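One structure is given below, encoded as structure tokens.
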Amino acid sequence: MKQLSALTEVSRPSRYLGGELGSRSFQSDQIDLRIALAFPDVYEIGMSHIGFPILYQTLNQIDGIAAERAYAPWPDMAAWLTEHDEPLCALESGLPLSHFDIIGFTLQYELSYTNLLGMLKLAGVPLRRDQRDEDAPLILVGGPCAFNPEPLADFFDCAIIGDGEEAIVEFCAAVREGTSAGLSRAELLQTLSKIEGVYVPALFDVAYHTDGRIRALTPRQQDYTSVRRRFVNDLETATFPTQPIVPFMQTVHNRVAIEIARGCTRGCRFCQAGYIYRPVRERSPQKIAEIIDAALENSGYEEISLLSLSTGDYSCIEPLIKALMARHAEDQVAVSLPSLRVGSLTPELMEEIKKVRKTGFTLAPEAGTERLRSVINKGISEDDLLKTTEDAYSLGWRLIKLYFMMGLPTETDADLEALIELAARVKRTGKGTQGGADVNVAVSTFVPKPHTPFQWQPQLSIEQVKQRQQRLKDGLKKRKLRFKYHEAELSFLEGVFARGDRRLGAVLEEAVALGCRFDGWREHFNFELWQQAFTNCDIDPDWYLRERDEDEILPWDHIDCGLPKSYFQQERQQALREAATPDCRHGVCNNCGVCDFKQLRMRLIENPPAPIDLPPHAAANIPDPDDETRRFKIRLRLSKTGRARMVGHLEYLTMFQRAVRRAKLPVRFSQGFHPTPKISYLEALPLGVESDTELIDIELYQPPNARQLVTALNRQLPEGFSILEGKEIHWRTPSPSASVASSVYRISLPPEPPQDLDQRIERLLKAETLPLIKHKKGKEIHSDLRPDLIGLRRVENELELHLTKGSPLQITALLLETDVELVRKSGVRKTAINVKF
């Protein structure tokens, strides 16, 4: 694959390697439909999204379908692709995205829209739907932002509204059948529109009043007037991945993530997810344990994360956590949760959380006064909040993180002052506790979202946001509280596109042409370019932040989220009256309209057991750490070739530790607060250098069978890594780094090496010093390479370099009078080591 040559020139090359454990490979002659699951953000963000692996496993279980992955390349990689006229390709096969039948994008965040267009551009796919021919891939979108996809309506063919794991199967089946039947693109879109939950924007026309408001949303077919959200009725029987793709690099969430429930009934009026994912559907503790067991066995992860919109509301969260911790304690696997709601926290639950969460304790009161929390239906009292933080400090937490919003409907200066005072009171609840108490305050700007009671509300202007941020900054500084906030321009742009219409498509296209990408990343966000794009398209972005009339046609009115507009209007009036709407989980139905009370209904764990009876894992019979009769060590020799050479050293260590877990080796762990497996390695191999002779020592508590152990580990290693041999050594043998006296490297010479190369080698070997100057963090670092050099000679078209330690790249670059990166690209391989012990 030609693009592998780019990996020595870009940051974090393991983003583009593919070949991760758990990823799929396909026989092209057995595939009749290819779908690229495309995430419009960088790899480490996309790999942490729980929806992608669900769709990946679901589709790849179907004969004849190949689902592959693609992520937005970081700007340095995107520049390389453009410069070399190379297309954006899928990770699994390396095929250009333009060769796929379907490219499916997930829309998680409005500020990723330029990345979506940028990926199409890099793939060589025409941006606009009406510019594509019959052979172009179908562009499909889904995710929460698909509940108002109108700003992107000119660029995609179809959207799946709602839960995707069943709808995507029907969608792909229809595309296969339609392609086989020779349907035209227009005929295929007609067919796809018959699938529940599939939105085809070409089948709707939009007309506007002269003042800019929508005059009419007109369907082109009488039987296709709106698109109802797709639902998965029962999470217990829904597909969930048990063979996670295990990345080489550290991603945002690098663990077994299990969705324990979907939906939320709290009814926070600002929260779009709370409405578009109703009703609540819970998985049973037994199903959760079954999925976790399989995922841990197939991944080697060291942590489990229990996910839902409100994890603390899960019907038996406390006994579930206790049971999972007891079940996996022997395997040194931790259990973690996302931020929890004040109303769902008990001292007992906090005790369990404390066992695995040693950093900050996160709470989201959202508003500073109980009046404003009543407006947004955030049913927590100040007393409950302060009691929770007091318990947290007394249980040993030193830092509490508080999340608030500003710009909420009816907010006043008094609410902002109360926010400052509340944060100070939280800090005071930790007074006198051991180690002191600290508070971080994070305040985001309220962005009204479609399909919420606040979808008609105005949003603060940039100037208003900055004024309120300064007020909070000054007030919190006086209380010695740390303050974090979102940039006003980012929230502004999010608000424009969250409630935008089709006319914004021209702005997106212009922004991409001007160079906008990764707008959610501060280092790449350029608001001046966006201002220019709006000006060039003669569109006033401030108009989209205005208050809407309740009788006004909204851009998303033809998208049916399952709750009628009348319910949101009713809830809006409740908010203005500062009236609460109770949680229907344990009370009466609020008649939101989402349930049919037959198939589609709230599915809670009935009569939740306490405690939960999960069968414990077999005892590992781990010995006393001081028992020398049960200390064993095996030394392995491993090769690292091909794409594996681009895996960095820390990534290599993590990869190998997880392979050891999957192989179920009786490895010894260190003692202390954070036990780690007792595995030792050679010094770091430079990125891009291959090796035939990496050493790894593993300490065990059972005598090893070297042959069986090597076989078991090789089954668990990704492509490019292979254990060549293993032998038992005395457990007191020094580590690999201490055992190796020297290493031998082979470096490919350029096609036309220097004519005086032999003389250069001779001079280098006779030199008393080989000074090297490096620049790091603005400082010059001086070193001498000569003490590390044992030997250097030319062997046909290669150099053979013999070192005691250090990198072969700098000495070779010095010899050839070239750049280190050119040496790295030329081909460097460690071929032998001399072992002292």
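Some values worked out for this structure:
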| read-out | value |
| --- | --- |
| √(5λ) per eigenvalue of the Cα gyration tensor, segment 627-715, largest first, Å | 24, 15, 11 |
| Computed P(r) (all Cα pairs; segment 224-347; 5 Å bins; percent) | 2, 10, 19, 21, 19, 14, 9, 4, 2, 1, 0, 0 |
| Within the accessible area of segment 436-522 (1.4 Å probe), percent carbon and sulfur | 47 percent |
| Contact order relative to length of segment 391-491, as percent, for alpha carbon pairs under 8 angstrom and 6 or more apart | 34 percent |
| Point-to-point label distance, Arg763-Lys194, nm (Cα→Cβ direction, 7 Å offset) | 7.9 nm |
| Rg/Rg_globular for segment 110-212, with Rg_globular taken as 2.2 N^0.38 Å and Rg from C-alpha atoms | 1.11 |
| Gap separating the Cα centres of segment 68-108 and segment 542-563, nearest whole Å | 34 Å |
| Values of log10 I(q)/I(0), in the order q = 0.26 Å⁻¹, for segment 664-717 under a Debye, Cα-only, solvent-free model | -1.15 |
| Between 0 and 90°, nearest 10: helix 706-716 axis offset from the chain longest Cα axis | 40 degrees |
| Prolate/oblate/rounded call for segment 234-299, Cα gyration tensor, a/c under 1.5 rounded | oblate |
| Degrees, to the nearest 10: 649-662 long Cα axis against longest axis of the chain | 80 degrees |
| Coarse-grained scattering of segment 364-479 at q = 0.18 Å⁻¹, given as base-10 log I(q)/I(0) from a Debye sum over alpha-carbon atoms | -0.92 |
| Å³ per residue enclosed by the Cα convex hull of segment 422-508 | 127 Å³ |
| Kirkwood Rh in Å, taken over all unlike Cα pairs in segment 500-552 | 12.1 Å |
| Projected area averaged over orientations for segment 779-837, convex hull of C-alpha atoms, nm² | 5.4 nm² |
| Potential lengthening between Asp819 and Thr641 on full extension [0.36 nm per residue; Cα-Cα distance subtracted] | 61.8 nm |
| The chain: relative contact order in percent, alpha carbon pairs under 8 Å with at least 6 residues between | 12 percent |
| ³J(HN,Hα), Karplus 6.51/-1.76/1.60, whole Hz, each residue of segment 778-790, x for Gly, Pro | x, 10, 8, 10, 9, 8, 10, 7, 4, x, 7, 8, 9 |
| Gain on full stretching of the segment that runs from Ser742 to Glu683 - 0.36 nm per residue minus C-alpha separation | 20.1 nm |
| P(r), alpha carbons of segment 1-79 - 10 Å bins starting at zero, rounded % | 16, 46, 31, 6 |
| For segment 687-837, projected area of the alpha-carbon convex hull averaged over all directions, nm² | 11.9 nm² |
| Whole-Å semi-axes of the ellipsoid equivalent to segment 458-596 (Cα gyration tensor, √5λ, descending) | 32, 25, 14 |
| Kirkwood hydrodynamic radius over Cα pairs of segment 304-433, then Stokes diffusion coefficient at 20 °C and 1.002 mPa s, in µm²/s | 137 µm²/s |
| Computed over segment 482-528, Kirkwood Rh from alpha-carbon pairs, angstrom | 11.8 Å |
| For segment 156-224, diffusion coefficient by Stokes-Einstein and Kirkwood Rh (Cα), 20 °C, 1.002 mPa s, µm²/s | 160 µm²/s |
| Separation between Cα centres of segment 728-775 and segment 115-137, rounded to whole Å | 49 Å |
| Sulfur and carbon atoms: percent of accessible area, segment 621-711 [1.4 Å] | 49 percent |
| Kirkwood-based Rg to Rh ratio, the chain, C-alpha trace | 0.98 |
| Overall Cα dimensions of segment 170-296 - principal axes, largest extent first, Å | 55, 46, 33 |
| Heavy-atom accessible area per residue - segment 404-555, 1.4 Å, Å² | 43 Å² |
| Mean accessible surface per residue for segment 189-319, computed with a 1.4 Å probe while every protein chain stays in place, in Å² | 35 Å² |
| Gyration tensor (Cα) of segment 1-137, equivalent ellipsoid semi-axes in angstrom | 21, 18, 16 |
| The chain: calculated mean residue ellipticity at 222 nm from DSSP helix runs of at least 4, using -39500 (n - 2.57) | -9000 deg cm²/dmol |
| Cα-based helix-to-principal-axis angle, 527-536 vs the chain, degrees rounded to 10 | 50 degrees |
| Distribution of pairwise C-alpha distances over segment 63-142, 10 Å bins, in % | 17, 53, 28, 2 |
| q = 0.16, 0.27, 0.30 Å⁻¹, segment 261-321: log10 I(q)/I(0) [Debye, one scatterer per Cα] | -0.59, -1.11, -1.24 |
| Inter-label distance, nm, simple model (7 Å from Cα along the C-beta direction), Ser336/Asp85 | 4.6 nm |
| Along each principal axis, Cα extent of segment 612-771, largest first, Å | 74, 32, 31 |
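The values are calculated or read from the model by the stated rules, or taken from the named source; none is laboratory data. All figures in this text were calculated on a predicted structure; none of them were measured in a lab. For neighbour counting, all protein chains shown are included, and Cβ atoms are generated from backbone atoms with ideal geometry for every residue, glycine included. When the accessible area is computed, the model is the full protein with side chains, heavy atoms only, and any ligands, DNA or RNA have been set aside. Shrake-Rupley method; radii C 1.70, N 1.55, O 1.52, S 1.80 Å.
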